[in-house]
Amino acid sequence: MAAPTTQLDPNQADFYRQLLREMLLVRRFEERAGEAYAQGRIGGFCHLYIGQEAVAIGALTALREDDYVFTSYREHAHAITRGIPPRAVMAELFGKATGCSGGKGGSMHLFDVDKGFLGGHAIVGGHIPLAAGAGFAIKYRDTDQVAICFFGEAAVNIGAFHETLNMAALWKLPTIFLCENNRYGMGTALERAAAVYDIAERACSYDMASETVDGMDVLAMHEAVARAAERARKDKLPTLIEARTYRYMGHSMADPIHGHYRTKEELEEQKQRDPIEGLKHRLFEAGLLDQDGVEKMDEEVQAEVADALTFADESPDPEPDALYTHVYQD
Ligand SMILES: Cc1ncc(C[n+]2csc(CCOP(=O)(O)OP(=O)(O)O)c2C)c(N)n1
Ligand SMILES: [Mg+2]
């Protein structure tokens, strides 16, 4: 495991335990969502985030409630960490009326405007300009909010990424661009194709601050995003962060975990850097948590996820009339 970047501060014990609990909650949520998908209870696409939890949780806990969040389609963890109840996220996966998008979005299109959670976007890179737009609005209204945009490393090959970063740097927009480099875009290993890897270095060409962070270390992620948020709030400047992370599951539920484009050995090696185990052991070593504490935490989050599943199962489908709501009208 990579050497931890931060010393633990005993005064922050509750916060560390909150980070661990949140990572455990989204991991258990996704394990159960994966099972429900395999049982045919969830339709459409479903992209799991297992292995990457430290990125969303470290990042979003560094922001304020009035900030804006944009994500790609691999966003269950981001939505839950942002405060959308697991019940509303699970119900959305099930396509139920009680889902956060009324059952019409599914796994890839989680939204909650009141929480500043502006999607859930399925088009690779399509949401990057939207986050710059939110940054523009913040600047125009002259508030000290921040917009953050999470995207995969494959989005760096999309023109909109380059156009947006160029404009964000030029217009000095308070937007954080957070690239979750999990090393694979579907079955394509981008670093092997030598297309992109030192993504943060590319930011130099856009005159923008950037850093590369260990995306398996939740505290390192939290600190990097806190630095970027301060730069955005105080100086109205954008930042590009590359989080080096790894996904344990296939691209989507239709993709095998390993076999076609990566070996079982590679997967096992990466699991040694597990973000949950990493934080847990650091807390154990610092005497800030013990095995009983973790087991209790795990029981609690499993109960919360079980409740979300029951809620989703028992919720009604959207009424046919719901087809005509959220329709664009000129
Ligand atoms: C514009 C566009 N092209 C292709 C696709 C099909 N597609 C869906 S996910 C994906 C790979 C994205 O990989 P990455 O950005 O690294 O995100 P990850 O899935 O690894 O989280 C592709 C090519 C798409 N959704 N949108
Ligand atoms: Mg990827």
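Any read-out appearing in this document is the output of simple, stated calculations on the displayed coordinates, not a laboratory observation. Note that the structure is predicted; figures quoted are calculated from it, not measured. Counting neighbours? That spans all protein chains shown, and the Cβs are built from the backbone with ideal geometry, glycine included.
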Per residue convex hull volume, Cα atoms of segment 228-330, in Å³: 275 Å³
Net lengthening on full extension, K264/A306 (0.36 nm per residue, minus Cα-Cα): 12.1 nm
Considering every Cα-Cα pair within segment 1-61, what fraction, in whole percent, is farther apart than 13 Å? 70 percent
What do the square roots of 5 times the Cα gyration tensor eigenvalues come to for segment 36-195, in whole Å, largest first, as semi-axes of the equivalent ellipsoid? 25, 21, 13
Report the semi-axes of the equivalent ellipsoid for segment 276-330 in whole Å, largest first, where each axis is √(5λ) for an eigenvalue λ of the Cα gyration tensor. 43, 17, 6
Based on DSSP loop calls and a cut-off of at most 15 other Cβ atoms within 10 Å, the longest stretch of the chain free of exposed GluC sites (Glu not before Pro) is what? 192-330
As a test of understanding, state the convex hull volume per residue of segment 244-287 from its alpha carbons, in Å³. 79 Å³
Inter-part distance where segment 79-155 and segment 210-235 are each reduced to a Cα centre, Å: 20 Å
Taking a crude spin-label model, label points 7 Å out from Cα along the C-beta direction, the F284 to I158 distance in nm is 4.0 nm
Between M186 and E230, the FRET efficiency computed from the C-beta separation at R0 = 35 Å comes out, to the nearest 0.05, as 0.50
Over segment 24-128: Kirkwood hydrodynamic radius from C-alpha pairwise inverse distances, Å: 13.5 Å
Convert each backbone phi in segment 60-67 into a coupling constant with the Karplus relation 6.51 cos²θ - 1.76 cosθ + 1.60 (shift: θ = phi - 60°), then list the ³J(HN,Hα) values in order as whole Hz, x for Gly and Pro. 6, 6, 8, 10, 9, 5, 8, 7
Given only helices, namely DSSP H runs of n ≥ 4 each adding -39500 (n - 2.57), what is the per-residue ellipticity at 222 nm of the chain, to the nearest 500 deg cm²/dmol? -13500 deg cm²/dmol
Enclosed volume per residue, in Å³, of the convex hull spanned by Cα atoms of segment 73-128: 68 Å³
Mean shadow of the chain, computed from the convex hull of its alpha carbons, in nm²? 17.5 nm²
Inverting the mean 1/r over all pairs of different Cα atoms, compute the Kirkwood radius of segment 207-271 and quote it in Å. 14.0 Å
Figure the gain on full extension for Q18 and D298 (residue separation times 0.36 nm, minus the Cα-Cα span) and round it to one decimal in nm. 99.6 nm
How far, in nm, would the chain grow between E31 and Y140 when pulled straight, counting 0.36 nm per residue and subtracting the alpha carbon separation? 35.0 nm
